[in-house]
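Chemist: Submitted below is the structure of interest, expressed as structure tokens.
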Amino acid sequence: MQDIEIYQWGLIIVSSLLFFFLAPFSKKPSEFFSALSVKGKQPNIIMLTSSLVISWIFAKSITNAANLGLEYGMVGGIAYATYYLSFIVAGIIIYKLRTKGNFNSIHHFLRSKFGSNAVLIFSVLIAIRLFNEVWSNTMVIGSYFGEMGSQPYYLAIIVFTALTLAYTLKGGLRSSLLTDAIQMVFFGILLFVLLKLIMTDESQNISNYVGTGEWNFAGGLGLLLVAFLQIFSYPFHDSVMTDRGFISPPKQTLKSFIAAAIIGFVCITLFSLIGIFAQFKGLKGQAAVEVGKYLGVGSMLMLNFIMVTSAASTLDSAFSSFSKLSIIDLKLQKLPTVKMGRIVMVILAVLGTIPIFLNPTILSATTISGTMVLGLAPIFLLWNLKAPKLSFFLAIFSGILVGLIHAFDAFPEIMILTEGPYANLLSANIWGSILCFVGYIIPILVSNNKSNQAESIKTIS
């Protein structure tokens, strides 16, 4: 085994053991599912903000940010960073749901307004996303240890998943928030060091990076517009984010979400500079991996550790969110217990790892895309409108239909509105958004019209 591999294994094992010993042991459901301290205190603004940011800066996202920087320069980085404005949208809506609607969770809102069938469909979308979070992040970790399908690749994935599961089992959401804060510190320090290395290389400065890319549809502008459309729906099918919207006081939570949007946007944009550096050097392939090799063993290990911390934060959040979804939101137990919460985490870890051993094309086909959940936008943005149950189902299934049409590359050419690499995706999101809002609003108008007619008849009689 080469020295670099020994160091990489050391990073995973030592960091995981550190998190295990630091993670609090939760005995009560309120600690395990809601992150309350032993004394009943809610997470403070620093812990909540750190957890929001690092749980969304997952291994796959920073890999994508670097690759988009390599492909499209600064335009690619900002396009991907735009997704982090989701925090502002979600923060404002959750604040209103809590303060004006008096709802204590997303599921409480949906159950009260649209019934149990709506909750079930919504929960399926969330469960699929959490399921995908497991393999999509652990695959990135495995790729640093060996080629896809090799023994080191599989071994790294299994060990990493098991060690992350261990400390999450110990404290649930409470463990997740505490370790997230530590992981955020590690991420910030390592990113700063890496940026310093690439900025000082051959006297390069920030202006060289900012000027890269072209602000047109051929240069990645289409992805930026896709991201902007999706931030109004995408955050609501991510229980890792929304669960954190209900565990601290409303005003503090809103401040945390806004801060997370700013910090996340900046971090992802800065990480895309690594891809731009790769572009300057003519490197090909996975930008983060190739830059690590170019800068030497020390930089490679720093990049590896960034991936480890970001993947671990997302993985432990997925475990804790799936546990809450099953036990609290779907009420699989009349009286929630920590024991059953831990059993559900183990089930997700096993099921989420199985796809690793399947064909990667199957993996991509199972992913719920941002396009497929466009229907969540009208449901949450128009949450205070009196809407019949039909509105929910028309909006949700309109988004899923458009998403499937796009996934199977069957979107009609006549409906393509722009040019460039993201023309199909952008057009699907524009038409999909329109269809979802129309599907949601029409039953409201019909219902109101019937009510007005009934009122008129009652008055006449």
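Chemist: Label points 7 Å out from Cα along the Cβ direction at Leu335 and Lys251: separation in nm?
Modeler: Output for this residue pair reads 3.8 nm.
Chemist: May I pose another question? Taking θ as phi - 60°, what are the ³J(HN,Hα) couplings along the stretch 246-252 by the Karplus curve (6.51, -1.76, 1.60), each to the nearest whole Hz, with x for Gly and Pro?
Modeler: Each residue of the stretch 246-252 in turn: 10, 10, 10, x, x, 5, 5 Hz.
Chemist: With a 10 Å radius around each residue's Cβ, average the other Cβ atoms per peptide and rank 42-52, 290-300, 419-429, highest first.
Modeler: Peptide ranking by packing, descending: 42-52, 419-429, 290-300.
Chemist: Shape call for the chain from the C-alpha gyration tensor, a ≥ b ≥ c root eigenvalues: rounded (a/c under 1.5), prolate (a/b greater than b/c) or oblate?
Modeler: Here the chain falls in the oblate category.
Chemist: Counting only helical runs of four or more DSSP H residues, what would the 222 nm mean residue ellipticity of the chain come to if each run contributes -39,500 (n - 2.57) and the total is spread over all its residues?
Modeler: -24000 deg cm²/dmol
Chemist: Continuing with the same structure: Just need the relative contact order of the chain here, percent rounded to a whole number, with Cα pairs under 8 Å and 6+ apart.
Modeler: Reported as a whole number, the value is 28 percent.
Chemist: Give the calculated FRET efficiency between Leu120 and Lys450 to the nearest 0.05, with a Förster radius of 41 Å applied to their Cβ-Cβ distance.
Modeler: Step by step, r from the Cβ atoms, then E = 0.90.
Chemist: Taking the Cα centre of the stretch 184-337 as origin, work out the dipole magnitude from +1 charges on Lys and Arg Cβ and -1 charges on Asp and Glu Cβ, in debye rounded to 20.
Modeler: Around 400 debye, computed over the stretch 184-337.
Chemist: Here is a follow-up. Roughly how big is the chain's charge dipole about its Cα centre, with Cβ charges of +1 (Lys, Arg) and -1 (Asp, Glu), in debye to the nearest 20?
Modeler: That gives a dipole near 2300 debye.
Chemist: Ignoring ligands, DNA and RNA, what accessible area per residue does the stretch 218-370 give at 1.4 Å, in Å²?
Modeler: 36
Chemist: Decide, for the stretch 156-262, between rounded, prolate and oblate: order the square roots of the alpha carbon gyration tensor eigenvalues as a ≥ b ≥ c, take rounded if a/c falls under 1.5, and otherwise choose prolate if a/b is larger than b/c, else oblate.
Modeler: It comes out oblate by the Cα gyration axes.
Chemist: With just the Cα atoms defining each centre, how far is the stretch 1-51 from the stretch 168-232? Give it in Å.
Modeler: 22
Chemist: To the nearest 10 square angstrom, what accessible area does Lys331 show with a 1.4 Å probe?
Modeler: Spelled out: Lys331, probe radius 1.4 Å, area about 130 Å².
Chemist: Can you tell me the relative contact order of the stretch 1-152? Whole percent, Cα pairs under 8 Å, sequence separation 6 or more.
Modeler: 17
Chemist: Can you put Glu71, Glu413 in order of accessible area, largest first, using a 1.4 Å probe?
Modeler: Accessible-area ranking of Glu71, Glu413, largest first: Glu413, Glu71.
Chemist: Taking the alpha-carbon centroid of each part, what is the distance from the stretch 250-316 to the stretch 65-99 in angstrom?
Modeler: Result: 14 Å between the Cα centres.
Chemist: Under 5 Å between amide hydrogens, which residues at least 5 positions from Ser26 or on another chain qualify, with H placed 1.01 Å from N in the peptide plane?
Modeler: The answer is Gly171.
Chemist: Let me know the shape class of the stretch 1-109, please: from the alpha-carbon gyration tensor, a ≥ b ≥ c as square roots of the eigenvalues, rounded when a/c is under 1.5, otherwise prolate if a/b is greater than b/c, or oblate.
Modeler: The shape class here is oblate.
Chemist: Okay, moving on. List, in order, the whole-Hz ³J(HN,Hα) value for each residue of the stretch 152-169 obtained from phi through the Karplus relation with A = 6.51, B = -1.76, C = 1.60 and θ = phi - 60°; use x for Gly and Pro.
Modeler: In residue order, the calculated couplings are x, 4, 5, 5, 4, 5, 5, 5, 4, 4, 5, 5, 5, 4, 4, 6, 6, 4 Hz.
Chemist: Now for a different question. How many percent of the accessible area of the chain is carbon or sulfur, using a 1.4 Å probe?
Modeler: Roughly 68 percent, rounded to a whole number.
Chemist: On to the next question. How many angstrom lie between the C-alpha centres of the stretch 327-349 and the stretch 107-124?
Modeler: Going from one Cα centre to the other spans 18 Å.
Chemist: Just to check I understand the Karplus step: with θ = phi - 60° and J = 6.51 cos²θ - 1.76 cosθ + 1.60, what whole-Hz values come out for the stretch 275-288, glycine and proline as x?
Modeler: x, 5, 4, 4, 5, 4, 8, x, 7, 10, x, 6, 4, 4
Chemist: Contour minus end-to-end for Val185 and Met199, with contour as 0.36 nm per residue of separation and end-to-end as the Cα-Cα distance?
Modeler: 2.9 nm
Chemist: Tell me the label-point distance for the pair Trp9, Gln151, using the 7 Å Cα-to-Cβ offset, in nm and rounded to one decimal.
Modeler: Between Trp9 and Gln151, the simple spin-label model gives 1.2 nm.
Chemist: Using the Cα centre of the chain as origin and beta-carbon charges of +1 (Lys, Arg) and -1 (Asp, Glu), tell me which of Phe109, Ser299, Val89 is placed farthest towards the positive end of the dipole.
Modeler: Phe109
Chemist: Output the relative contact order of the stretch 229-368, whole-number percent, from Cα pairs under 8 angstrom with separation of 6+ residues.
Modeler: With pairs under 8 Å counted, the relative contact order is 14 percent.
The values are calculated or read from the model by the stated rules, or taken from the named source; none is laboratory data. In this text the structure is predicted, and so the values were computed from the model without any measurement. In this analysis, Cβ positions are derived from the backbone assuming ideal geometry, glycine residues included, and neighbour counts consider all displayed protein chains. SASA here: full protein model, heavy atoms, side chains in, ligands and nucleic acids out. Shrake-Rupley method; radii C 1.70, N 1.55, O 1.52, S 1.80 Å.
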